[in-house]
Amino acid sequence: MSSRNVFYFAAAWLAFNWIQAAWLPLDPDEAYYLLYAARLDWGYFDHPPMTAFFIRAGQAVFPGAFGARFFFPVLQLVAFGLLRRLAGSPTDRAGLLFFFALLAAMPFFHVFGFIATPDSPLLFFTAAYLWALDGMLRHNNWKFALLLAATMAGLLYSKYHGLLVIGFSLLPYWRKILDPKWVSAGLIALALYMPHLNWQYRHDFISIRYHLLGGRDDLYELKYTLNYLLNQFLVFSPLLFPFIIRAVYHSVKAGTKGIEAGCRWMIIGFWAFFLYSTGKGHVEPQWTAALTPAIVLILWNRYRPPNQGSALVRKMALAGFVLLMIARIGLMLHLPGVKNPLEKWDWIAPVDSIAGNTPVVFQNSYRSPAQFTFQTGKKAYTLTDLYYRPSQFDLWGDERDLQNRSVWIIGQGDWRVRGAREIKPPLNTFRIKKVDSLQVARQVKLEFSIPDATYRPGDTLHLPVKLTNPYPFDIYPDRGDMPLSLWIIFDVPRDHGAIRMLEVQPERKTWPSGAGVELSATAVIPSRMSGEYRVSMGIAMGDLPPGYNSSAAKIVIAH
């Protein structure tokens, strides 16, 4: 009877996830990973590629959106099986009901049970990693050493958050650093991760530099911390959250060993790390999604039948499950007046009707060009400036296809430019303008140095600049109605950059392909600035803000 119950639960869960995978439209992020999957090869290991790998594998079985999502429900079901083994493979009716209720009450297991985004494989590999770690703690043999290495590599290939999973969960076992099998597991995982590290090396550690050095921290606001705490309360089930806190506290007080110690340190470490991160800006709710398997195990170990409180926790879990299922079914029913977060595609038809066969270039978006390409089959492009983070589009370099061509610029709603028209499809606002003879400069490199001196607001900076055009064509900065210009960027908290246009001498009508051009630039330091700033240079296209085309230097501005 117990095996039959397990089968019924697994079949029903898998079937419902597949139904939603086929029924609901793609999330904009999924469209991006769909595009990434189509180009996946050993040369594109910048973003951890596990999501793209499973998308590509699924589309080999089924076409379209369902194929893209096909394997993610399967991954989750395997993760459930591994967690059940970590829970001791309960077979009695009370134990099975309690364990299944815990799984079904976790919001992240619902959200990432069918959506093809990085948190889906991250959850799978977290469960697999905890299972391999438990086996290593129990048996300490080469079989589990190899499994531990493979799951650690899988975590890192799923999402960079996998590093936090590994780091925090291994803290209570730090003495294992002297054990040859544990050391070998780490070295094998590192070897498996070498393709990505090799990509980072060949591309100057671009994504690592962005995450560690490239962010421009916001000034602290209390709302960041309050939103983070509220989101954690919501995303780990409001009905269960008090029991989660109590279970973690009990685990700390009791000093439990084994895999529970790793889960405990992982939960506390994640929450503390991202609580600290609120001092630098907003923290997305899903950044702690990897905690879900550990939280299920902590709750199981503390409240499993016949432990005190198990009946109440089971009731809260089942109530949470019912609420989550109502929400999921509501997404499929298209209820009037209820916004579906996945239905963000209505803007494509009006933009496509205006653009026709002319290429479209989106400002500051990796989702929109991916959605447009998926829906219309037409290749779309993006332009990234200092107010937006780099994406895969910046690395592919497809903008070279647009040199000297007429294009439609699809700007954000706050783009103020003459001759632009505004369209307001549901959930979006765009300002669009057709430009002729586009000159691309995203990959043009600017090198400069700041002379040693004492600077004050209003002083004029005299900067030697070397401009290098890596494209296989000449660039004509004054051509067309979106001419190129050079800017200096002072990175400032909250404002994300105080910028000033550079006066450049000598004037160059051409930036030759493959050549370095020596220039002399001047700029006035903005008023009301004092302290230490990171200074960069960028190239702007027409009325759009400049992007980053240089590395950063430091400048100290006195009062």
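Restricting to the stretch 461-471, and then to whatever is out of contact with any helix residue (DSSP H, G or I) (no Cβ under 9 Å at 6 or more places or on another chain) and part of a loop (DSSP other than H, G, I, E, B), can you tell me which residue is surrounded by the fewest Cβ atoms within 10 Å (Cβ to Cβ)? Spell out how you get there, then give the answer.
Restricting attention to the stretch 461-471, the residues satisfying the condition of being out of contact with any helix residue (DSSP H, G or I) (no Cβ under 9 Å at 6 or more places or on another chain) are 461-470.
Restricting the remaining residues to those that are part of a loop (DSSP other than H, G, I, E, B) gives 469-470.
Numbers: N469: 20, P470: 12.
It comes out as P470.
Filter the stretch 239-261 down to the residues that are closer than 24 Å to A101 by Cβ and among the small types (G, A, S) and list them by number. Once the filter is applied, which keeps residues that are closer than 24 Å to A101 by Cβ and among the small types (G, A, S), the stretch 239-261 yields A247, S251, A254, G258. For the stretch 192-206, filtering for residues that are in contact with a helix residue (DSSP H, G or I) (Cβ under 8 Å, 6 or more places away or on another chain) and within 15 Å of A149 (Cα to Cα) leaves 2.
Listed here are the residues, each with its yes/no results for (1) more than 25 Å from F241 (Cα to Cα); (2) open to solvent by less than 50 Å² (accessible area, probe 1.4 Å); (3) in contact with a helix residue (DSSP H, G or I) (Cβ under 9 Å, 6 or more places away or on another chain).
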| residue | (1), (2), (3) |
| --- | --- |
| R4 | yes, no, no |
| A11 | yes, yes, no |
| A37 | yes, yes, yes |
| A60 | yes, no, yes |
| A87 | no, yes, yes |
| D92 | yes, no, yes |
| D119 | no, yes, yes |
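Limited to the stretch 276-297, what total is found for residues that are in contact with a His (Cβ under 9 Å, 6 or more places away or on another chain) and buried (at least 22 other Cβ atoms within 10 Å of the Cβ)?
Of the stretch 276-297, the ones in contact with a His (Cβ under 9 Å, 6 or more places away or on another chain) are 287-290.
Filter once more, keeping what is buried (at least 22 other Cβ atoms within 10 Å of the Cβ): 288-290.
Here the count works out to 3.
Could you tell me whether S485 is out of contact with any helix residue (DSSP H, G or I) (no Cβ under 7 Å at 6 or more places or on another chain), part of a strand (DSSP E or B) and hydroxyl-bearing (S, T, Y)? So S485 passes the test.
Are any of the residues in the stretch 63-78 open to solvent by less than 10 Å² (accessible area, probe 1.4 Å), farther than 27 Å from P172 by Cβ and free of Cβ contacts under 8 Å to residues at least 24 places away in the same chain? Checked the stretch 63-78: at least one residue is open to solvent by less than 10 Å² (accessible area, probe 1.4 Å), farther than 27 Å from P172 by Cβ and free of Cβ contacts under 8 Å to residues at least 24 places away in the same chain. Looking at (1) in contact (Cβ under 8 Å) with a residue 40 or more places away in the chain; (2) of a type outside the set (D, E); (3) touching a Gly at 6+ places or on another chain (Cβ under 6 Å), find the lone condition where G458 falls short. All conditions pass for G458, except number (3).
What residue, among those in the stretch 231-275 that are more than 23 Å from Y160 (Cα to Cα) and of a type in the set (F, W, Y), is surrounded by the fewest Cβ atoms within 10 Å (Cβ to Cβ)? Only one residue fits best here, namely Y249.
Selection over the stretch 400-411 of residues that are out of contact with any Lys or Arg (no Cβ under 7 Å at 6 or more places or on another chain), open to solvent by 20 Å² or more (accessible area, probe 1.4 Å) and closer than 15 Å to M541 by Cβ gives a count of 4.
For the stretch 156-181, the set of residues classified as free of Cβ contacts under 8 Å to residues at least 60 places away in the same chain and either buried (at least 23 other Cβ atoms within 10 Å of the Cβ) or within 16 Å of D119 (Cβ to Cβ) (or both) consists of L163 only.
When K253, K257 are checked against the criterion of being closer than 24 Å to D134 by Cα, part of a loop (DSSP other than H, G, I, E, B) and either in contact (Cβ under 8 Å) with a residue 60 or more places away in the chain or out of contact with any strand residue (DSSP E or B) (no Cβ under 6 Å at 6 or more places or on another chain) (or both), a single residue qualifies: K257. Taking the criterion of being open to solvent by 60 Å² or more (accessible area, probe 1.4 Å), part of a loop (DSSP other than H, G, I, E, B) and within 18 Å of M541 (Cα to Cα), the residues of the stretch 421-460 that qualify are D436, R442. Residues of the stretch 135-147 that are under 25 Å from V252 (Cα atoms) and surrounded by 15 or more Cβ atoms within 10 Å (Cβ to Cβ): G135, M136, L137.
Has the stretch 533-547 got any residue that is more than 30 Å from E221 (Cα to Cα), open to solvent by less than 60 Å² (accessible area, probe 1.4 Å) and among the aromatic types (F, W, Y)? The answer is no; no qualifying residue exists.
The values are calculated or read from the model by the stated rules, or taken from the named source; none is laboratory data. Just so you know, these numbers come straight off a predicted model, no measurement behind them. Neighbour counts are summed over all protein chains in view; Cβ atoms, including those assigned to glycine, are modelled from backbone coordinates with ideal geometry. What goes into the accessible areas is simple: the full protein's heavy atoms, side chains included, and nothing from ligands, DNA or RNA. Shrake-Rupley method; radii C 1.70, N 1.55, O 1.52, S 1.80 Å.
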